[in-house]
Amino acid sequence: MQRHSGQKLWEYCIQLEKWSKKAFPEVGAETLSQMRTTKLMKAVRDDKTLHKLLIVKRLEVSLEEQYEQLKDIVLQHENEEIRENEQKKGDGRGSKGKKEFKWNKRRELGNTFREGRKGRPRNKMEGGEPKHG
């Protein structure tokens with residue numbers, strides 16, 4: 001069983017669990033977890049960073065729990081990517097627009113501050129005469 005092009009990882013995991021259970025009903029939980037883990041690792045090998053993360057995490061978890069633990073990581077990663085893409089689409093500006101918004105907001109705040117200081121004597125930092133105390 002292989003992941004199809006464009007197939008969501010959560011869909012692939014459901015299919016993997018369904019078919020592995022049907023194909024190997026007599027296999028123990030540990031062996032089934034290892035088989036599923038191997039398939040999951042192959043399914044994400046195009047994403048080098050995620051693949052390396054799973055390799056490291058795989059060593060930290062018992063054989064029986066490997067598939068469930070790695071599946072959680074993969075699904076969290078996929079959800080984060082979906083969330084980021086939705087934010088970019090919904091914003092219409094992408095990350096550049098967000099920076100421009102922050103910059104404009106700072107400029108507005110700076111103008112408000114300067115307007116509030118009108119009529120007050122300038123301090124040393126603003127180029128006026130130093131105050132003597």
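Restricting the search to the stretch 49-67, which residues are loosely packed, with under 10 Cβ neighbours inside 10 Å and aliphatic (A, V, I, L, M)? Correct list: VAL56, LEU59. Determine whether the stretch 57-71 contains at least one residue that is out of contact with any strand residue (DSSP E or B) (no Cβ under 6 Å at 6 or more places or on another chain), in a helix (DSSP H, G or I), of a type in the set (A, V, I, L, M, F, W, C) and at pLDDT 95 or above. There is at least one residue in the stretch 57-71 that is out of contact with any strand residue (DSSP E or B) (no Cβ under 6 Å at 6 or more places or on another chain), in a helix (DSSP H, G or I), of a type in the set (A, V, I, L, M, F, W, C) and at pLDDT 95 or above. Since ARG3 meets every condition but one in (1) surrounded by 15 or more Cβ atoms within 10 Å (Cβ to Cβ); (2) modelled with pLDDT under 95; (3) within 18 Å of the chain's Cα centre (by Cα), which condition does it not meet? ARG3 satisfies every listed condition except (3). Restricting the first member to the stretch 60-80 and to residues that are farther than 11 Å from ALA29 by Cβ and free of Cβ contacts under 8 Å to residues at least 12 places away in the same chain, and the second to residues that are surrounded by 14 or more Cβ atoms within 10 Å (Cβ to Cβ) and aliphatic (A, V, I, L, M), the beta-carbon pairs closer than 9 Å and six or more apart or on different chains are VAL61/LEU70.
Restricting attention to the stretch 1-50, which residues are free of Cβ contacts under 8 Å to residues at least 60 places away in the same chain and among the aromatic types (Phe, Trp, Tyr)? Steps first, please.
If we filter the stretch 1-50 for residues that are free of Cβ contacts under 8 Å to residues at least 60 places away in the same chain, which is where we start, we get 1-7, 11-12, 14-50.
Scanning the stretch 1-50 gives TYR12, TRP19, PHE24.
The values are calculated or read from the model by the stated rules, or taken from the named source; none is laboratory data. Not measured: the values here are computed from a predicted model. As a convention, Cβ positions derive from the backbone with ideal geometry for all residues, glycine included, and neighbour counts pool all protein chains shown.
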